[in-house]
Amino acid sequence: MNDKINHSTSTETLPMKSSTPSPDTESVAIPTRIPLAIWTLGFVSLLMDISSEMIHSLLPVFLVTTLGASVFVVGLIEGVAEATALIVKVFSGALSDYWGKRKPLAVLGYGLGALSKPLFALASSSGLAFAARLIDRVGKGIRGAPRDALVADIAPPELRGAAFGLRQSLDTVGAFLGPLLALGLMLLWANDFRAVFWVAVIPGLLSVALLLFGVQEPETKRDVHPVNPIRRENLRRLSRTYWWVVAIGAMFTLARFSEAFLVLRAWQGGLPVASAPLVLIAMNVVYALSAYPFGKLSDGMSHTHLLVWGLAILIGADVALAYSNHWSWVWLGITLWGLHMGITQGLLARMVADTAPAELRGTAYGFFNLVSGLAMLVASALAGLLWDRFGASQTFIAGAAFSGLALMAIVFRGRIPALRR
């Protein structure tokens, strides 16, 4: 039995109504299953997210209580780190297009993510914690665009929304298993942050091994010599509709700052330090349960309508979190935040794949994430500044205001046929 992953999709033969076969009435093969390679990439993401979220779910409280950082510093660290990841994707995506290979860059990115984890356990100052976070996010930046382009390369167009939704769903399963494991270990080891950070190294290394030995990249034929994908004449091939998708992604990122502020809001409301991971557990359970159904729904439903619903739900989350720090309102806001992520994140990834040429997909994802990265930097730094100056409520009110502006922009521009599906 062949142990290598077969990238072909399972098919089902549908007989035609005519009983007389002819060249015009041959059976049509329609993909019915997501390729196994997509599942494997999903489990690679799952393992790395377990590793990352074990740390991320505790890091804001660790920075404030153990290392003495201010909330503004937390916001700045998160903003710079996430922005770096998204900016690096431009170059890794373009390189994967130039090289014609996605997997080596993905392995390098996941490897950096795994190797950064011990630095969190060793951090004695916010500076070293920032360096570790930066290395981790550089790894994420290197792997992100090539991995998304690899998913688009493997998935049949008819199942592309479902494929992105599945990978995102498995990724998010890891995003709540990680905080759940961190919660149990914090209770077991009496709030020993550093011991939990050491354990996070293990799933990170397993993620790299699974990608290295478990995924075979499909062969691509190149009839011409490699060319620079970010040359002006190539960038002109990215349509106006693609750049509108880029603008939408930036608006969503500006309206939705780092999840670190959800952790701090719940802690401010009386959540014990050891229970801080519960915030990301709750959010990511909702995210994981909703990502695949909404991804599949995007294969046959108006993308504009889904984007509008996603923003409306994000406004509801911000209002709930701004209204009160009582546990019931905080958990309602966290739940709505996760639902918003499930509706929009796989959808935006699918929209990039739909609006960019196949040979420029890595570059397309890179520029999409570059613009989103700059928006993330602004959003997280502004959120931290508002929190320190005016309190948590004003931070989430500002988020709701940005969401409202994004909603109006999409409603007014949502008549673009390519976005309606």
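Val138 meets the conditions (1) in a helix (DSSP H, G or I); (2) open to solvent by 20 Å² or more (accessible area, probe 1.4 Å); (3) touching a residue at least 60 places away in the same chain (Cβ under 8 Å) in every case but one. The failed one is (3).
Residues checked against (1) small (Gly, Ala, Ser); (2) outside any helix (DSSP H, G or I); (3) under 19 Å from the mean Cα position of the chain (by Cα):
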residue: Gly127; (1), (2), (3): yes, no, no
residue: Leu134; (1), (2), (3): no, no, yes
residue: Pro146; (1), (2), (3): no, no, yes
residue: Leu150; (1), (2), (3): no, no, yes
residue: Asp153; (1), (2), (3): no, no, yes
residue: Ala162; (1), (2), (3): yes, no, yes
residue: Gln168; (1), (2), (3): no, no, yes
residue: Val173; (1), (2), (3): no, no, yes
residue: Leu187; (1), (2), (3): no, no, no
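Is one or more of the residues making up the stretch 149-161 over 19 Å from Val215 (Cα atoms), in contact (Cβ under 8 Å) with a residue 24 or more places away in the chain and open to solvent by less than 30 Å² (accessible area, probe 1.4 Å)? Checking the stretch 149-161: at least one residue is over 19 Å from Val215 (Cα atoms), in contact (Cβ under 8 Å) with a residue 24 or more places away in the chain and open to solvent by less than 30 Å² (accessible area, probe 1.4 Å). Consider the stretch 101-125 and keep the residues that are of a type outside the set (A, V, I, L, M, F, W, C), touching an Asp or Glu at 6+ places or on another chain (Cβ under 9 Å) and not in a loop (DSSP other than H, G, I, E, B). The one that is nearest to Glu217 (Cα to Cα) is Lys103. Mind listing whichever residues of the stretch 117-126 are at pLDDT 90 or above and open to solvent by less than 20 Å² (accessible area, probe 1.4 Å)? Answer for the stretch 117-126, where residues must be at pLDDT 90 or above and open to solvent by less than 20 Å² (accessible area, probe 1.4 Å): Lys117, Phe120. For the stretch 24-45, does any single residue satisfy the condition of being under 24 Å from Gly113 (Cβ atoms), in contact with a helix residue (DSSP H, G or I) (Cβ under 8 Å, 6 or more places away or on another chain), surrounded by fewer than 24 Cβ atoms within 10 Å (Cβ to Cβ) and modelled with pLDDT under 50? No, the stretch 24-45 has no match at all. Taken over the stretch 168-178, the residue count meeting the criterion of being open to solvent by less than 10 Å² (accessible area, probe 1.4 Å) and either within 22 Å of Met301 (Cα to Cα) or out of contact with any His (no Cβ under 8 Å at 6 or more places or on another chain) (or both) is 3.
The values are calculated or read from the model by the stated rules, or taken from the named source; none is laboratory data. Fair warning: this is a prediction, and the values are worked out from it, not measured in the lab. Cβ: placed from backbone, ideal geometry, glycine included. Neighbour counts: every protein chain shown. Just the protein is used for accessible areas: all its heavy atoms, side chains included, with ligands, DNA and RNA removed. Shrake-Rupley method; radii C 1.70, N 1.55, O 1.52, S 1.80 Å.
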